[in-house]
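Encoded as structure tokens, the structure appears first; notes follow it.
The values are calculated or read from the model by the stated rules, or taken from the named source; none is laboratory data. What you are looking at is a predicted structure, and each value in this text was computed from that prediction instead of being measured. Note that we place each Cβ from the backbone using ideal geometry, even for glycine, and neighbour counts take in every protein chain shown.
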Amino acid sequence: MALWDKVKAELVDIIEWTDDSRDIMVYRFPRYQNEIKYGAKLTVRESQVAVFVSQGKIADVFQPGLYSLTTKNLPVLTTLKGWYYGFDSPFKAEVYFINTKNFTDLKWGTKNPIMLRDPEFGPVRLRSFGTYVVKVADPSIFIREIVGTDAHFTVDEITNQLRSFISSRFADILAESKIPVLDLAANYDELSLFITRKISPDFMAYGLEITRLVIENISLPPDVEEALDKKSSMGIIGNLDRYTQFQTANAMEKAAANPGGDASAGIGMGMGFAMANQMGKTLAPQSGQSDSPTSPPPLTASDSVEYFVALGGEQKGPFSKKIIVEMIKDKIIKNDTLAWKKGMDNWVEVSRFQELNDVFASVPPPISS
């Protein structure tokens, strides 16, 4: 360090950090030979914590505020140094400023597809991605376990490890939930909250807190989505015979509006007869066949019961009985959770639904301490 830096360090007695970036989590205050003058002023701003390290050990932690560094407000450091009667000469200590704000819009996603068994499609592969928010909850643990002696520690230096935690937990929870693929979109909020609770201990081991996790999308492979789109298209078309009749009538109308053309009259007439013959086949009922409908009958009322539940003070749903059963087994829905279905006047506790009593009876009670 240059001579002017040494002289400047002797003159400056204010220790502070004004963060002009968005990604620095830890900043070590630069000082010549780590010498701090007795009575120096320490400024810790909101969303900051100052940690003093002496001889490789964490000595004192300062919350937001203005401090005059004396033996009175440096109790641990004073004990380590043996300064029982005060001191006038500079003392040596490293000062780390910890940024305790929320670091937002951090990305996560599954590197490889998650293999699971779906009740409707069978074995499927799913990918997912989203965002999460994290902050430093315990500065001492964070410095010991992650930062070490790094003078500048950014959020990018730990995001790869955090993404791995989230992806691993997400795969495990998604497989255990047994929620059908087509019903996953209706459960993004519940899955996000459940994953946040499950992964919190992993983050706290590093002195971090995951304050929010958002699932933006869960998707099937492109070829499976293409097949699903075709199936949806057929569902929109409905009765295939009637669709064929409609297409045949349109074709005949276009042929009548454009007689002749480049083709000969004989060819045009032959095409007209062929189209008329096809239309006659589709319009007339087949001999020897019954008039029974070709499409399945509508679902009965018992098959289409939908439930609404109150989770976290908000109305969620509608859910099928199958989804409600899985949420009860995963203890997302409890006995006293309020629920409602069509035909009811008021919300009642879900345990009062007779059709769900057997499910609650099969769920073991919590283990007593």
Of the listed residues (F203, F165, F194), the one being modelled with pLDDT of 90 or more and touching an Asp or Glu at 6+ places or on another chain (Cβ under 9 Å) is F203
K322 versus (1) assigned to a loop (DSSP other than H, G, I, E, B); (2) out of contact with any helix residue (DSSP H, G or I) (no Cβ under 8 Å at 6 or more places or on another chain): which is the lone unmet condition?
-> (1)
In the stretch 191-205, what residues are in contact with a Phe, Trp or Tyr (Cβ under 8 Å, 6 or more places away or on another chain) and surrounded by fewer than 20 Cβ atoms within 10 Å (Cβ to Cβ)?
-> D202
Residues that are modelled with pLDDT of 90 or more and not in a loop (DSSP other than H, G, I, E, B), drawn from the stretch 336-369 = L338, A339, W340, K341, V348, E349
Restricting attention to the stretch 181-222, the residues that are in contact (Cβ under 8 Å) with a residue 24 or more places away in the chain, out of contact with any Leu (no Cβ under 8 Å at 6 or more places or on another chain), polar (S, T, N, Q) and in a helix (DSSP H, G or I) number exactly 1
